[in-house]
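Asker: Below you will find the structure I want to go over with you.
The values are calculated or read from the model by the stated rules, or taken from the named source; none is laboratory data. Values in this document were obtained by computation on a predicted structure and should not be read as measured data. Cβ sites come from the backbone with ideal geometry, for glycine too, and all protein chains shown count toward neighbours. In case anyone asks, the SASA skips ligands and DNA or RNA and just uses the protein heavy atoms, side chains included. Shrake-Rupley method; radii C 1.70, N 1.55, O 1.52, S 1.80 Å.
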Amino acid sequence: RRSARADKPFVEVTCTAIAENLFESEVFGHVRGAFTGAVRDKAGKFELADGGTLLLDEIGDLPLDLQAKLLRAIQNREITRVGSTKARRLDIRFLSLTNSNLREKVAAGTFRSDLFYRLNVIPIQIPPLRARPEDIPELVEHFLEIYRRKYQRSITLTPKSMDILTRYRWPGNVRELENALEYLALCCPEGDVVQESVVLDLLRQDTVDEALQPVSTLGD
């Protein structure tokens with residue numbers, strides 16, 4: 001929000017969601033006639049992000065041959081659409097996300113060291129959710145508001161229910177929390193106040209005490 005690019009495009013590429021044979025077309029674009037089915041010119045994700053930000057999600061799972069193509073585009077700040085010979089200069093800020101240890105992948109030969117060092121300019125380590133329980137109430141309200149609107153439901157949590165959610169260790173991190181709240185929004189009666197017994201059943205905890213262990217004792 002404070003960036004000079006705040007009002008510019010923000011484009012996401014989920015690296016594992018694009019088939020390898022379509023990666024170049026989706027990311028760099030193509031020209032008409034480049035391949036069967038290319039009936040018109042198409043801008044890729046890089047061009048759509050020009051002037052703004054391109055988010056490379058799950059970058060650690062990108063195959064090696066595609067890593068090389070991505071490296072060239074990032075390093076040269078230019079792309080060439082599939083089927084074209086004309087390079088296009090671009091001005092893009094890159095953000096990349098991974099839940100993998102890329103240094104270990106580099107050592108194992110499954111992630112290119114040159115791409116790693118090109119991307120690893122300002123690393124930001126986000127601790128697991130269990131290590132930052134103070135974030136959970138705000139995340140709970142954020143997701144509940146989304147699902148209240150999406151499903152036209154009105155539900156609230158008791159303080160005890162919120163306490164259980166805050167102290168639970170969330171091995172699946174934010175995704176697990178988000179799914180849990182979508183379940184509550186869908187399955188609890190309209191206008192209901194979610195009791196702790198419902199939350200405990202959802203989290204498959206045997207007792208309140210088990211769910212309320214101090215975060216520092218939950219281990220890894």
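Asker: Express the carbon and sulfur contribution to the solvent-accessible surface of region 1-156 as a percent, rounded to the nearest whole number, probe 1.4 angstrom.
Answerer: On the way: 4630 of 9640 Å².
Ligands and nucleic acids excluded, carbon and sulfur reach 48 percent.
Asker: Next up: Kindly identify region 1-64 as rounded, prolate or oblate by the Cα gyration tensor criterion: order the square roots of the eigenvalues as a ≥ b ≥ c, call it rounded if a/c is under 1.5, otherwise compare a/b with b/c, prolate if a/b is larger, else oblate.
Answerer: Details: a/c = 3.80, a/b = 1.39, b/c = 2.73.
Judged from the Cα gyration tensor, region 1-64 comes out oblate (a/c at least 1.5, b/c at or above a/b).
Asker: Something else now. So how do 39-49, 128-138, 160-170 stack up, highest first, on mean other-Cβ count within 10 Å?
Answerer: Numbers: 39-49: 17.0, 128-138: 14.5, 160-170: 20.2.
Descending mean neighbour count gives 160-170, 39-49, 128-138.
Asker: To the nearest 0.05, what FRET efficiency results for N76 and L48 with a Förster distance of 25 Å applied to their C-beta separation? If you can, show how the numbers build up before the last one.
Answerer: Values: r = 18 Å, r/R0 = 0.73.
That pair, N76 with L48, gives E of 0.85.
Asker: Continuing with this model, one more query. Taking the Cα atoms only, what angle lies between the long axis of helix 136-151 and the longest principal axis of the chain, rounded to 10 degrees?
Answerer: Compared with the principal axis, the helix lies near 80 degrees.
Asker: Now for a separate question. Antiparallel DSSP bridges in the chain: what percent, to the nearest 5? Walk me through the numbers before you get to the answer.
Answerer: Numbers: 5 of 17 bridges.
The answer is about 30 percent antiparallel.
Asker: Kindly report the accessible area of the chain per residue (heavy atoms of protein chains, probe 1.4 Å, no ligands, DNA or RNA), in Å². It would help to have the intermediate numbers written out before the result.
Answerer: On the way: 13250 Å² over 220 residues.
Here the per-residue accessible area is 60 Å².
Asker: Extension gain R2-A38, at 0.36 nm per residue separation less the Cα-Cα distance, in nm?
Answerer: Details: separation 36, 0.36 × 36 = 12.96 nm, distance 3.91 nm.
Here the answer is 9.1 nm.
Asker: Follow-up question, since we're still on this one. Just to check I understand the Karplus step: with θ = phi - 60° and J = 6.51 cos²θ - 1.76 cosθ + 1.60, what whole-Hz values come out for region 63-78, glycine and proline as x?
Answerer: x, 4, 5, 6, 4, 5, 5, 5, 4, 4, 5, 5, 5, 8, 6, 8
Asker: Using only the Cα atoms of the chain, build the gyration tensor, take square roots of its eigenvalues as a ≥ b ≥ c, and label the shape rounded, prolate or oblate: rounded if a/c is under 1.5, else prolate if a/b is larger than b/c, else oblate. Mind showing how you got there, number by number?
Answerer: Values: a/c = 2.69, a/b = 1.94, b/c = 1.39.
Prolate, since a/c reaches 1.5 and a/b exceeds b/c.
Asker: Hey, what's the Cα Rg ratio for region 80-199 versus the globular rule of thumb, 2.2 N^0.38 Å?
Answerer: On the way: Rg = 21.0 Å, N = 120, 2.2 N^0.38 = 13.6 Å.
Dividing the Cα Rg of region 80-199 by 2.2 N^0.38 Å gives 1.55.
Asker: To the nearest whole percent, what portion of all C-alpha pairs in region 56-122 is separated by more than 13 angstrom? List each step's numbers first, then the result.
Answerer: Details: 1457 of 2211 pairs.
When all Cα pairs of region 56-122 are counted, 66 percent exceed 13 Å.
Asker: Multiply the residue separation of R175 and S113 by 0.36 nm, subtract the distance between their alpha-carbon atoms, and state the gained length in nm to one decimal. The partial results should precede the final answer.
Answerer: Working: separation 62, 0.36 × 62 = 22.32 nm, distance 2.94 nm.
Taking R175 through S113 to full extension adds about 19.4 nm, to one decimal.
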